[in-house]
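Visitor: After the structure tokens below, expect a handful of questions from me.
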């Protein structure tokens, strides 16, 4: 399997940015149930003094290589260029047994949806750029973005997950729709059960959103009874783009194992049901009562929805 990711720096520290970019790129491979093997870097550095360019590039690749090495993934080469701002990406090669690959089109009625990591990096980083975020919120977001999803992916395989994806730039709703459409199912999503990074609730309340969020809002057409649910204070978090986000996946026992492994925010956030005659496949459970009733009604089967790894599906995400 192969995947590629590339984006502009969202932090001033090139070393930290390198760590975040590498972890973000590895997320695609983990979401497919694979093991990363090698990576090629694509780097852009701002115009400037040669010594400054070399220092930024070295720091960025040092941070990235530390993350790749910890994942047993070799950085085997790459390409650099000069541009208006710092940017970094990776083409990552991974291996997975043909029958073990996790795919987006694997959701089944009765599946519980589990998010392995909290969301909120988009709104928090936007607030930081405006000087509206507390330092502890941003430091926690940085730690979140460099936390590997490797162990989370292993736990998913141990619990026989049969569908997954990672939650990144399209936000929770965008990546969920990517799973719903090919699976031909409906999903009930409990808004109050979605785990949030510290400070995300406050920045959303301030009306601060990522510049990428408006592009994701177009997917609101997938949500049933939009006029009433859009008034919920956490409605905007559904469209918040994530960096190095978690995985979306399955089953009650899996949550316990994830939390024991350090993914403290892992939570059941929804339930899959048979496709109805309604045009919109997503129903928002505003108080959690629908999900609570469904989870209490019998055994939960396997399925995933991937997010920021700390933070679930196959081939290039």
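Read the figures in this text as sums done on the coordinates, not as results from a lab. Just so it is clear, the structure is predicted and the values come from calculations on it, not from any experiment. Note: ideal-geometry Cβ built from the backbone for every residue, glycine included; neighbour counts use all protein chains shown.
Visitor: Starting from 0 in steps of 5 Å, tell me what percent of the Cα-Cα pairs of the range 26-181 lands in each bin.
Guide: That works out to 2, 8, 14, 16, 18, 17, 13, 7, 4, 1, 0, 0, in percent per bin.
Visitor: Give the Cα extents of the range 211-252 along the principal axes, in whole Å, largest first.
Guide: 30, 30, 19
Visitor: Relative contact order of the range 2-100, please, whole-number percent, based on alpha carbon pairs below 8 angstrom and at least 6 residues apart.
Guide: On the way: 201 pairs, mean separation 47.5, N = 99.
Taking the mean separation of contacting Cα pairs over the length of the range 2-100, I get 48 percent.
Visitor: For the range 112-306, what's the relative contact order in percent, using C-alpha pairs closer than 8 Å and at least 6 residues apart?
Guide: Relative contact order of the range 112-306: 46 percent.
Visitor: I've got another one for you. Figure the gain on full extension for residue 260 and residue 12 (residue separation times 0.36 nm, minus the Cα-Cα span) and round it to one decimal in nm. Please report the intermediate quantities before stating the final value.
Guide: On the way: separation 248, 0.36 × 248 = 89.28 nm, distance 3.30 nm.
Working it through step by step, the gained length comes to 86.0 nm.
Visitor: In the range 191-261, what is the volume of the convex hull around the alpha carbon atoms, normalised per residue and reported in Å³?
Guide: Dividing the Cα hull volume of the range 191-261 by its residue count gives 126 Å³.
Visitor: Place the peptides 183-189, 80-86, 3-9, 243-249 in order of packing, highest mean first, counting for every residue the other Cβ atoms within 10 Å and averaging per peptide.
Guide: Listed from highest to lowest mean packing, they are 243-249, 183-189, 3-9, 80-86.
Visitor: Show that you can apply the helix-only estimate: for the chain, add -39,500 (n - 2.57) for every DSSP H stretch of four or more residues, divide by all residues, and state [θ] at 222 nm to the nearest 500.
Guide: Working: 11 runs with 113 residues, N = 317.
After summing the helix terms and dividing by the residues of the chain, the value is -10500 deg cm²/dmol.
Visitor: If packing is taken as the mean number of other Cβ atoms within 10 Å per residue, what is the order of 123-133, 209-219, 158-168, 31-41, highest first?
Guide: Ranking the peptides 123-133, 209-219, 158-168, 31-41 by packing returns 158-168, 31-41, 123-133, 209-219.
Visitor: What length, rounded to one decimal in nm, is gained on full extension from residue 50 through to residue 132, with 0.36 nm per residue of separation minus their alpha-carbon distance?
Guide: Numbers: separation 82, 0.36 × 82 = 29.52 nm, distance 3.45 nm.
So the extension gain works out to 26.1 nm.
Visitor: When only Cα pairs under 8 Å and 6 or more residues apart are kept, what is the percent relative contact order across the range 23-80?
Guide: Dividing the mean separation by the residue count of the range 23-80 yields 50 percent.
Visitor: Still on this structure, please answer the following. Using the alpha carbons of the range 63-106, what is the convex hull volume per residue in cubic angstrom, as a whole number?
Guide: 137 Å³
Visitor: Also, I was wondering about something else. Compute the Cα gyration tensor for the range 16-96, then decide on rounded, prolate or oblate, letting a ≥ b ≥ c be the square roots of its eigenvalues: rounded whenever a/c is under 1.5, prolate when a/b is larger than b/c in the other cases, and oblate in all that remain.
Guide: On the way: a/c = 2.51, a/b = 2.28, b/c = 1.10.
The shape class here is prolate.
Visitor: From the Cα gyration tensor of the range 62-137, with a ≥ b ≥ c the square roots of its eigenvalues, which class applies: rounded if a/c is under 1.5, or else prolate if a/b is larger than b/c, or else oblate?
Guide: Numbers: a/c = 2.36, a/b = 1.15, b/c = 2.06.
The shape class here is oblate.
Visitor: In a Debye calculation with equal point scatterers on the alpha-carbon sites of the range 1-53 and no solvent, what is log10 I(q)/I(0) at q = 0.15, 0.18, 0.32 Å⁻¹?
Guide: -0.50, -0.67, -1.37
Visitor: Then there's this: Would you please classify the overall shape of the range 88-245 from the alpha carbon gyration tensor, given that a ≥ b ≥ c denote the square roots of the eigenvalues, rounded means a/c under 1.5, and beyond that prolate means a/b larger than b/c while oblate covers the rest?
Guide: Details: a/c = 1.99, a/b = 1.27, b/c = 1.57.
In terms of gyration-tensor shape, oblate.
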